[in-house]
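Encoded as structure tokens, the structure appears first; notes follow it.
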Amino acid sequence: MLAAIGLTTACGQKNYEDAEVGEFAQLVADPNIVVLDVRTAEEYASGHLLNAINIDVQQGDFPELAERLLPKALKVAVYCRSGRRSATAAGILAERGYHVVNLKGGILAWQNNSMPITNDSYETDVFVTKSGKMVRMHALMHASIRLEYDGKEIEVDPVTKLGDRLTDYTLLPKADYIFVTHEHADHFDKAAIRLLSSDATQLITNHRCVDMLGHGTALANGDTMQLDAGIKVEAVPAYNITEGHLQFHPKGRDNGYILTIDGLRIYFAGDTEDVAEMENIKDIDVAYFPCNGPTMTV
């Protein structure tokens, strides 16, 4: 029944587009296209298209998950293993108002045409700015977040290695902007900054990290800065308030950051507890908070 509902409209006509591999490759090269992999998590982990979001169409709550995670303002390019599950997903999404293009032959056809796949394991979310542009956010590990917006590459607290987890920044584009919240090794990694930097990269951090690196733009709590591409930066307080923890993140030293990107407000809290100054932070669309000691619990 699910397949029958998904594949046709009430008039029996297919309500989405199909694309061969070459056309699909041109489509997914557009930075404002959402790429959706509807296979299982295990299949996704074995290899997927670059920047693909994974929502298993066989999950009972697939339509609800899709509506929560996929902006309807953006075209969705969907694929599976062979094209059958993605056809079902395409029909379901089209019935709910999405503009959908399905890859004929699935990832099997994609690979048979020697097209690239990746096995990166981080999660990706997409959001739309007020003028309809996509901000794609990749949770790499711990506090390390990568953002893509309008051709710009933004990295927050890039770190190469934590325990047995690795991020190979040699595989990622050079950053236009790098933000570092504070000097602790799980947020501040000179090697990662070096790998991500070009002559045009702008590093924005607190005064301590600028002193330790010998370069960069230092922002103090309360400072603001206007970048190109319509991006505004606000440095906000991040510190401990619990007795016995005050030495870890002293008041006034470290930053959180609010990026306003074409009206979309994204808050990177850094390492902080629920400090009084958070009362003044308003109208946030996306927030990244720390959830381990000595900061906040879940």
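The values are calculated or read from the model by the stated rules, or taken from the named source; none is laboratory data. Keep in mind it's a predicted model, so treat the numbers as computed, not measured. Quick reminder, even Gly has a Cβ in these numbers, built from the backbone with ideal geometry, and neighbours come from all protein chains shown. For the accessible areas, the whole protein counts, side chains as well, though only heavy atoms, and no ligand, DNA or RNA atoms are used. Shrake-Rupley method; radii C 1.70, N 1.55, O 1.52, S 1.80 Å.
If you scan the range 64-100, which residues turn out to be assigned to a loop (DSSP other than H, G, I, E, B), under 20 Å from the mean Cα position of the chain (by Cα) and under 26 Å from Asn112 (Cβ atoms)? Explain how you work it out, then say what you get.
Of all residues in the range 64-100, those assigned to a loop (DSSP other than H, G, I, E, B) come to 70-75, 80-83, 96-99.
Next, from what is left, pick out any that are under 20 Å from the mean Cα position of the chain (by Cα): 70-75.
Once the filter is applied, which keeps residues that are assigned to a loop (DSSP other than H, G, I, E, B), under 20 Å from the mean Cα position of the chain (by Cα) and under 26 Å from Asn112 (Cβ atoms), the range 64-100 yields only Lys75.
Any idea which of Arg194, Arg146 is among the charged types (D, E, K, R), surrounded by fewer than 19 Cβ atoms within 10 Å (Cβ to Cβ) and outside any loop (DSSP other than H, G, I, E, B)? Let's see the steps before the verdict.
Numbers: Arg146 fails: surrounded by fewer than 19 Cβ atoms within 10 Å (Cβ to Cβ).
Exactly one residue qualifies, and that residue is Arg194.
Select, from Asp186, Asp125, the only residue that is within 20 Å of the chain's Cα centre (by Cα), closer than 22 Å to Gly263 by Cα and among the acidic types (Asp, Glu).
Just one listed residue meets the conditions, Asp125.
Enumerate the pairs (first residue in the range 7-31 and more than 12 Å from Val101 (Cβ to Cβ); second residue anywhere and open to solvent by 80 Å² or more (accessible area, probe 1.4 Å) and at pLDDT below 95) with beta-carbon separation below 9 Å, excluding pairs fewer than 6 apart on the same chain, so at least 6 apart or on different chains.
Cβ pairs passing all conditions: Leu7/Lys14; Thr8/Lys14; Pro31/Asp150.
Taking the range 45-63 only, how many residues are open to solvent by less than 50 Å² (accessible area, probe 1.4 Å), touching a Ser or Thr at 6+ places or on another chain (Cβ under 9 Å) and part of a loop (DSSP other than H, G, I, E, B)?
Adding up the residues that qualify gives 6.
Of the conditions (1) in contact with a helix residue (DSSP H, G or I) (Cβ under 8 Å, 6 or more places away or on another chain); (2) surrounded by fewer than 16 Cβ atoms within 10 Å (Cβ to Cβ); (3) closer than 22 Å to His249 by Cβ, Thr170 satisfies every one except a single condition; which number is it?
(3)
Under 17 Å from Met137 (Cβ atoms) and either of a type outside the set (Phe, Trp, Tyr) or out of contact with any strand residue (DSSP E or B) (no Cβ under 7 Å at 6 or more places or on another chain) (or both): is that true of Ala276 in this structure? Lay out the reasoning, then the answer.
Working: under 17 Å from Met137 (Cβ atoms): no; either of a type outside the set (Phe, Trp, Tyr) or out of contact with any strand residue (DSSP E or B) (no Cβ under 7 Å at 6 or more places or on another chain) (or both): yes.
Judged against the criteria, Ala276 is not a match.
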